[in-house]
Amino acid sequence: MRENGRKPDELRPLSIKANILKNAHGSVLIGTGNTQVLCTAMLEKGVPPFLAETGNGWLTAEYSMMPASTPHRKRRDGAKQDGRGVEIQRLIGRSLRSICSFEGMGEYTVYIDCDVLNADGGTRTASISGAFIAAALCVDKAVKKGLLAKFPLTKHVAAVSAGIVEDTPLLDLCYTEDSGAQADMNMVAADDGNIGEIQICGEKRTVTEEEFMTLMALCKKGIHEIIARQKEILKKEGIII
């Protein structure tokens with residue numbers, strides 16, 4: 001039995017609270033079960049050197065875990081970030097850029113910050129799902145103020161995990177399930193069903209093609225449900241993508 005009696009294809013309880021920070025141009029507190037991530041988006045003038053004088057914009061992301069996000073205090077990143085954090089922030093940036101059209105947006109950069117307040121598995125996937133909403137809130141305000149020439153987000157994107165635990169494919173793993181999983185997988189996908197990225201790893205054994213297809217189907221189901229919630233939140237803010 002899974003915690004809270006969840007079915008194999010059932011997401012953890014999902015909570016999304018938008019506009020919770022005064023100074024952020026876009027902010028979201030997303031909770032997936034006991035995992036909580038604060039996602040913010042800020043718009044600043046300027047782009048990386050390779051985009052200078054093109055009239056195009058950019059988006060980049062940073063990710064970190066707060067010291068009390070895990071049972072044992074996690075040290076803050078110093079001058080050198082840990083490899084896992086760097087990998088995750090690159091994933092977040094790639095995922096959001098995959099559904100952006102920066103051409104003619106104006107030379108501004110959207111800075112995404114994802115800070116894990118409580119970690120219980122799926123922090124990277126929750127970060128992507130929450131960061132999308134924060135980015136949408138941010139650029140919507142900028143377009144309305146006339147700072148951006150166009151709205152760069154072309155479709156919704158979200159992410160979720162799945163894995164094989166005791167030979168059973170499961171959706172949206174908590175930490176206990178993930179730490180004991182025979183294999184785990186993260187998927188990023190858009191609301192048109194197209195896939196942005198898949199990360200799959202056989203921790204204790206390899207994965208059959210049939211199991212892979214089952215995991216992919218589970219992730220697509222979960223992402224569909226998360227995107228439906230994203231659309232509900234943004235519709236309340238008058239944003240339809």
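If N is the number of residues in segment 187-241, what value comes out of its Cα radius of gyration divided by 2.2 N^0.38 Å?
So the Cα radius of gyration is 1.44 times the expected 2.2 N^0.38 Å.
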Output the relative contact order of the chain, whole-number percent, from Cα pairs under 8 angstrom with separation of 6+ residues. 20 percent
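Taking R0 as 41 Å, what's the FRET efficiency between K7 and K144 from their Cβ-Cβ distance, rounded to 0.05?
About 0.45, to the nearest 0.05.
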Semi-axes in Å, largest first, for segment 1-124 (Cα gyration tensor, √(5λ)) are 30, 18, 14
In Å, what is the Rg of the alpha-carbon atoms in segment 137-241, and how long is Dmax? 17.1, 54
Tell me, what % of the accessible area of the chain is carbon and sulfur with a 1.4 angstrom probe? 51 percent
Starting from the Cα of R75, step 7 Å toward the Cβ, then list every residue of segment 85-126 with an amide N under 16 Å from that point. 85-86
Any of K145/K236; K141/K220; K22/K220 with alpha carbons more than 22 Å apart? Name them for me. K141/K220; K22/K220
Which listed residue (N118, M185, L29) has the Cα farthest towards the positive end of the charge dipole for the chain, taking +1 on Lys and Arg C-beta and -1 on Asp and Glu C-beta about the Cα centre? L29
List the residue ranges in the chain for DSSP H helices whose C-alpha atoms run 24 angstrom or more along the long axis and whose Kyte-Doolittle average is -0.5 or above. 123-144, 209-236
Cα-Cα over 27 Å, subset of K17/K204; K45/K74; K45/K150: K17/K204; K45/K74
Express the accessible area of segment 47-127 per residue in Å², computed with a 1.4 Å probe while the remaining protein chains stay in the model. 51 Å²
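The values are calculated or read from the model by the stated rules, or taken from the named source; none is laboratory data. These numbers were taken from a predicted model, which means no experiment stands behind them. Heads up, the Cβs are rebuilt from the backbone with ideal geometry, glycines too, and the neighbour counts pull from every protein chain shown. Side chains included, ligands, DNA and RNA excluded: accessible areas come from the protein's heavy atoms. Shrake-Rupley method; radii C 1.70, N 1.55, O 1.52, S 1.80 Å.
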